[in-house]
1. What does the charge dipole of the chain about its Cα centre add up to, to the nearest 20 debye, if the Cβ of each Lys and Arg holds +1 and the Cβ of each Asp and Glu holds -1?
2. Running a GNM on the chain with Cα contacts under 10 Å, which residue among G98, G52, G42 ends up with the highest mean-square fluctuation?
3. For H44, H38, H112, H31, which order do you get if you count the other beta carbons within 10 Å of each Cβ and list the fewest first?
4. List the residues, sorted by chain then number, that are 5 or more residues from K70 or on another chain and whose placed amide H is less than 5 Å from its amide H.
5. Helix-derived [θ] at 222 nm for the chain: sum -39500 (n - 2.57) over DSSP H runs of at least 4, divide by residue count, nearest 500?
6. What list of ³J(HN,Hα) couplings, whole Hz, do you get for region 18-35 from phi and the Karplus terms 6.51, -1.76, 1.60, once you set θ to phi - 60° and write x for glycine and proline?
7. Can you list the residues of region 8-28 with backbone N under 19 Å from a point 7 Å past the Cα of A144, pointing along Cα to Cβ?
8. Given that compact globular proteins tend to follow 2.2 N^0.38 Å, what is the ratio of the alpha-carbon Rg of the chain to that value?
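What follows draws every value from the coordinates through simple rules; no lab data is involved. In this text the structure is predicted, and so the values were computed from the model without any measurement. Ideal geometry is used to build each Cβ from the backbone, glycine not excepted, and the neighbour counts take in all protein chains shown.
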Amino acid sequence: MDLIIGFSKARSPWKIGSKVIALSEDREYSHAYIRFPHPSTGSHMVAQASNGMVNMENYQYFIVNNVIVKEYKITCSDVMFNQIVLRYVTESLGKPYGYMDLILIAIKKAFHFEIKLADIMDFAICSQFAASICQLFGMKVSDAINYVTPSDLETILINNNIPRYV
């Protein structure tokens, strides 16, 4: 079974947050997501932290509003996929979006220090959600997962020799 960790940007020029994130990180993408085939239908689903919570949508609708910039493919057994991916995604659905984490990341970038408050909060932003999946696959992720940006996530994938898919 293949699991894709991808990076995208908004199609709409009015999605200002997408533009600000991409510019602040000096990269083309602003969002991270997880894509996988639904076990019973085969339709590709996207799990992500966006629009106020961790959510899931069909890939065909995701690409209507998003431009795929890069994707990396993790191959795993069906057992691992079911135990790790489906269980974690299912248990995370509805988890609130980490707006405070975005503020804390901005403070870290501007003032070069971390506020540890984020470590006790149960919220998620897109890159943290995907980085949590990487941890479940045994990849080394920063101890301060609340500060993982999409750029950091891509570095984690590259450092773990995860092949680029797109």
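1. On the way: 15 positive and 15 negative charges, 72 e Å.
Magnitude of the dipole: close to 340 debye.
2. Top of the fluctuation ranking is G42.
3. Least to most surrounded, the residues fall as H112, H38, H44, H31.
4. Here F7 satisfy the definition.
5. My calculation for the chain gives -10000 deg cm²/dmol from helical runs alone.
6. Ordered by residue, 3J(HN,Hα) equals 4, 5, 5, 4, 4, 5, 5, 9, 6, 8, 7, 9, 10, 9, 10, 8, 10, 10 Hz.
7. 24-26
8. Details: Rg = 15.1 Å, N = 166, 2.2 N^0.38 = 15.3 Å.
This ratio for the chain stands at 0.98.
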